[in-house]
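Asker: One structure, pasted below without further comment.
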Amino acid sequence: MKKHLIIIFSAASLILSACSKEDIQEEQATAQAEVNSSDQTTEPADDSKKDTQETATPSEENTTSEPQTNSEDPPEGEDKEYITSNHQFVASEVTNLSEKEVSTFWGEPQRSEEIKFRYSGTTKFVPAVVHYYMDEKYAVTFVEGKAARLVYSVIDEEILFDEEKIRALELAGLPIDVEETTDTDTAFVWTELGDVHQVTMFSKGEFVDYLYIILDEAYK
């Protein structure tokens, strides 16, 4: 009898143990499923955030890399309004050019003359050279290697000194609507005319003879 009781008690213990083990496994399975479900819920949010960051980056780059332009800057190479199709050259464009640069549009000088140049208001003399171009139509004085003064002989046509003087200015690419500062029987003088310091027009008889142009105030 005692042996039977022991067998029955052992069987009951095994049954209870099996049930307990199954409950534990079931609880573990449920907990794991909840973890997996939580991971699946949060991962798409991370991917969405990553996509948002990746799409935002190009936009930021485009914003910072756009070139900045100044709409107030004048177009390069724009002609001065006062220069007409009748001009033979533009006096201001000769200012401070080198001998080599002047030769690019008037050719090599036909003759040259070495002189001494004195700066205005000083006793300082420096070596200078005068080059004559185009059958002495143009004579440029170079001081320390820079074009400082220009003599333009109006030899292509006869221009009346009193009535047609503005035509000579027009040929030199200078404004024609500015009053002269000095008016004599043999000369007209303009200052600060067309981006050059001074222009003096001399006459020969009743016609314009030549323009004496001080290109830069430093060489007055």
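Computed from the coordinates by the stated procedures, all read-outs in this text should not be read as laboratory data. The structure presented is a predicted model; accordingly, all values stated were derived computationally and were not measured. Counting neighbours? That spans all protein chains shown, and the Cβs are built from the backbone with ideal geometry, glycine included.
Asker: How many residues, within the range 120-132, are touching a strand residue (DSSP E or B) at 6+ places or on another chain (Cβ under 7 Å) and hydroxyl-bearing (Ser, Thr, Tyr)?
Answerer: 1
Asker: Can you list residue pairs whose Cβ atoms sit under 8 Å apart, with the first residue in the range 148-168 being surrounded by 15 or more Cβ atoms within 10 Å (Cβ to Cβ) and the second being in a loop (DSSP other than H, G, I, E, B) and of a type in the set (D, E, K, R)? Count only pairs 6 or more apart in sequence or on different chains.
Answerer: Ala148/Asp216; Tyr152/Lys137; Ser153/Glu136; Ser153/Lys137; Phe161/Glu206
Asker: Right, next: What number of residues within the range 130-171 satisfy the criterion of being in a loop (DSSP other than H, G, I, E, B) and hydrophobic (A, V, I, L, M, F, W, C)? Give the steps one after another, and end with the answer.
Answerer: Pass one, the range 130-171, residues in a loop (DSSP other than H, G, I, E, B): 134-137, 144-145, 154-159, 161-164.
Now narrow it down to the ones that are hydrophobic (A, V, I, L, M, F, W, C): 134, 154-155, 159, 161.
Final tally of qualifying residues: 5.
Asker: With the structure loaded, tell me whether Gly205 is more than 34 Å from the chain's Cα centre (by Cα) and either surrounded by fewer than 18 Cβ atoms within 10 Å (Cβ to Cβ) or farther than 21 Å from Tyr82 by Cβ (or both) or whether it fails that test. Step through it out loud before you land on a result.
Answerer: On the way: more than 34 Å from the chain's Cα centre (by Cα): yes; either surrounded by fewer than 18 Cβ atoms within 10 Å (Cβ to Cβ) or farther than 21 Å from Tyr82 by Cβ (or both): yes.
Answer is yes for this residue.
Asker: Might you check whether a residue that is touching a helix residue (DSSP H, G or I) at 6+ places or on another chain (Cβ under 9 Å), exposed (fewer than 12 other Cβ atoms within 10 Å of the Cβ), among the acidic types (Asp, Glu) and in contact (Cβ under 8 Å) with a residue 12 or more places away in the chain occurs anywhere in the range 122-142? Lay out the reasoning, then the answer.
Answerer: Here is the first cut: in the range 122-142, the residues touching a helix residue (DSSP H, G or I) at 6+ places or on another chain (Cβ under 9 Å) are 129, 131, 133-134, 137-138, 140-142.
When the remaining residues are screened for being exposed (fewer than 12 other Cβ atoms within 10 Å of the Cβ), the result is none.
There is no residue in the range 122-142 that is touching a helix residue (DSSP H, G or I) at 6+ places or on another chain (Cβ under 9 Å), exposed (fewer than 12 other Cβ atoms within 10 Å of the Cβ), among the acidic types (Asp, Glu) and in contact (Cβ under 8 Å) with a residue 12 or more places away in the chain.
Asker: Ok, one more. So, of the residues in the range 172-195 that are assigned to a loop (DSSP other than H, G, I, E, B) and in contact with a strand residue (DSSP E or B) (Cβ under 7 Å, 6 or more places away or on another chain), which turns out to be surrounded by the most Cβ atoms within 10 Å (Cβ to Cβ)?
Answerer: Applying the first criterion (assigned to a loop (DSSP other than H, G, I, E, B)) to the range 172-195 yields 172-181, 184-186, 194-195.
Cutting the leftovers down to in contact with a strand residue (DSSP E or B) (Cβ under 7 Å, 6 or more places away or on another chain) gives us 172, 174-175, 178, 180-181, 186.
On the way: Ala172: 23, Leu174: 26, Pro175: 17, Val178: 16, Glu180: 17, Thr181: 13, Thr186: 10.
Filtering first and then ranking leaves Leu174.
Asker: Any chance you could count how many residues in the range 171-189 are of a type in the set (A, V, I, L, M, F, W, C) and touching a helix residue (DSSP H, G or I) at 6+ places or on another chain (Cβ under 8 Å)?
Answerer: Filtering the range 171-189 down to residues of a type in the set (A, V, I, L, M, F, W, C) leaves 171-172, 174, 176, 178, 187-189.
Now drop any that are not touching a helix residue (DSSP H, G or I) at 6+ places or on another chain (Cβ under 8 Å), which leaves 172, 174, 176, 188.
The qualifying residues number 4.
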